[in-house]
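The values are calculated or read from the model by the stated rules, or taken from the named source; none is laboratory data. On a predicted model such as this, the values are computed, not experimentally measured, just so you know. Counting neighbours? That spans all protein chains shown, and the Cβs are built from the backbone with ideal geometry, glycine included. What goes into the accessible areas is simple: the full protein's heavy atoms, side chains included, and nothing from ligands, DNA or RNA. Shrake-Rupley method; radii C 1.70, N 1.55, O 1.52, S 1.80 Å.
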Amino acid sequence: MSQGRGGGALGVIAAGALLGAGAAAWGTIVERRRFSLRWETVPVLPPGSRDLTVLHLSDIHMAPWQSDKQQWLRDLSLVEPDFIVNTGDNLGHATANAAVEYALEPFRGIPGAFVYGSNDYYGPSPRNPLKYFGGPSSMHGVQQVDLDIERQTAYFESLGWLDLNDHARAVEVKGSRLELFGTSDAHRGWDRLDLLPNHVDELREEVPWNDEPGPDPVSIGVTHAPYQRVLNAFVSQGADVIFAGHTHGGQVAVPGYGALVTNCDLPREYASGLHRWQNRTHWSWLNVSAGIGTSIYSPVRFACRPEAVVVTLTARTA
């Protein structure tokens, strides 16, 4: 009888090992390359406005050899977006600028805006993925490789995209007036929330439509890492909708449970998707992208497909 029980235990262990190996293979070989589109509708435009199609790109983490990812991004031009929001971490390798430029070239001339994550400034480094369960990641003691952020910024601006890294800008798209404000990467503590109110006040004083009749503007907050302090500040500044990335949707999720971590202080249930974010008596729509890529040193996704998001800004009913 004891041998039977021992054999049964060994069978369970073997089955568990086989299941684990299969899940690892799926996550590293299959799912991380199963690029997907998520579609959302957000009613924030003034009544009577034409719909605006916003393409939200985040966490591309491009490496030069990732030709499938490059082609998939190019094909997103078929969505025919009216506006692009890029929430950072585009580069995933020291020589990836040309690959990012090739992937995003079809969007030339389409207005947009961008902020950066730390992986736009510094290349990825090997790390133990289990450390993410101990709290947000840290670069303490890690040797960093500088990336060509100047080249990337020049390229994005040549596309017609606005730099929102601790800046506020305004643009009119298809008759809608957009107030845009953003932060640098809060994950590194680079966000200057102390400057945000002045930036927004100056924007609203200087916008070209101040003395012209027309629809009320829509306010959009853009950040890489959705730390609660940033989201609360955006809500306080009157953001109608907020775009963020960074979380990778947890990167590894449990079916029926969701993300295990967010790599910031954002609650797990907000790791990806469209939500309402409440700050005191006010709230904003919050779209957190699960992102398109992963670090080349952690090339796995499980129950969390890579994604771009198409957000249709539509008119409010009242």
Among residues of region 86-124 being polar (S, T, N, Q) and more than 14 Å from the chain's Cα centre (by Cα), the residue most open to solvent (accessible area, probe 1.4 Å) is Thr95
With the first residue restricted to region 155-177 and required to be farther than 15 Å from Val85 by Cα and open to solvent by less than 40 Å² (accessible area, probe 1.4 Å), and the second required to be of a type in the set (Gly, Ala, Ser) and modelled with pLDDT under 95, Cβ contacts under 7 Å at 6 or more apart or on different chains are Arg177/Gly214
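Please go through region 45-60 and pick out each residue that is in a strand (DSSP E or B) and open to solvent by 10 Å² or more (accessible area, probe 1.4 Å). Give the steps one after another, and end with the answer.
As a first pass, look at region 45-60 and keep what is in a strand (DSSP E or B): 45, 52-57.
Listed by number, the list holds a single entry, Thr53.
Does Val241 qualify as being β-branched (Val, Ile, Thr) and modelled with pLDDT of 95 or more? Steps first, answer last, please.
Values: β-branched (Val, Ile, Thr): yes; modelled with pLDDT of 95 or more: yes.
When the stated conditions are applied, Val241 passes them.
Which ones in region 61-73 are over 18 Å from the mean Cα position of the chain (by Cα) and assigned to a helix (DSSP H, G or I)?
Answer for region 61-73, where residues must be over 18 Å from the mean Cα position of the chain (by Cα) and assigned to a helix (DSSP H, G or I): Ser67, Asp68, Gln71.
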Residue pairs within 8 Å by beta carbon, gap of at least six or interchain, first lying in region 229-242 and open to solvent by 40 Å² or more (accessible area, probe 1.4 Å), second in a helix (DSSP H, G or I) and of a type in the set (Gly, Ala, Ser), listed first then second, are Arg229/Ala186
- Taking the stated definitions as given, is Asp194 out of contact with any Gly (no Cβ under 6 Å at 6 or more places or on another chain), part of a helix (DSSP H, G or I) and farther than 23 Å from Arg50 by Cα? no
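So is Ser284 in contact with a Phe, Trp or Tyr (Cβ under 7 Å, 6 or more places away or on another chain), polar (S, T, N, Q) and open to solvent by less than 20 Å² (accessible area, probe 1.4 Å) or not?
Values: in contact with a Phe, Trp or Tyr (Cβ under 7 Å, 6 or more places away or on another chain): yes; polar (S, T, N, Q): yes; open to solvent by less than 20 Å² (accessible area, probe 1.4 Å): yes.
It is true that Ser284 is in contact with a Phe, Trp or Tyr (Cβ under 7 Å, 6 or more places away or on another chain), polar (S, T, N, Q) and open to solvent by less than 20 Å² (accessible area, probe 1.4 Å).
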Within region 1-56, residues being among the hydroxyl-bearing types (Ser, Thr, Tyr) and at pLDDT below 75 number 1
For region 90-123, the count of residues that are out of contact with any helix residue (DSSP H, G or I) (no Cβ under 8 Å at 6 or more places or on another chain), within 21 Å of Asp191 (Cα to Cα) and assigned to a helix (DSSP H, G or I) equals 1
Just one listed residue, out of Gly214, Gly291, Gly256, Gly249, is crowded, with 24+ Cβ neighbours inside 10 Å, of a type outside the set (A, V, I, L, M, F, W, C) and part of a loop (DSSP other than H, G, I, E, B), and it is Gly291
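In the list Leu313, Leu231, Leu286, Leu274, which residue meets the criterion of being touching a Leu at 6+ places or on another chain (Cβ under 6 Å), within 30 Å of Pro46 (Cα to Cα) and at pLDDT 95 or above?
On the way: Leu231 fails: touching a Leu at 6+ places or on another chain (Cβ under 6 Å); Leu286 fails: touching a Leu at 6+ places or on another chain (Cβ under 6 Å); Leu274 fails: touching a Leu at 6+ places or on another chain (Cβ under 6 Å).
Within the list Leu313, Leu231, Leu286, Leu274, the selection yields Leu313.
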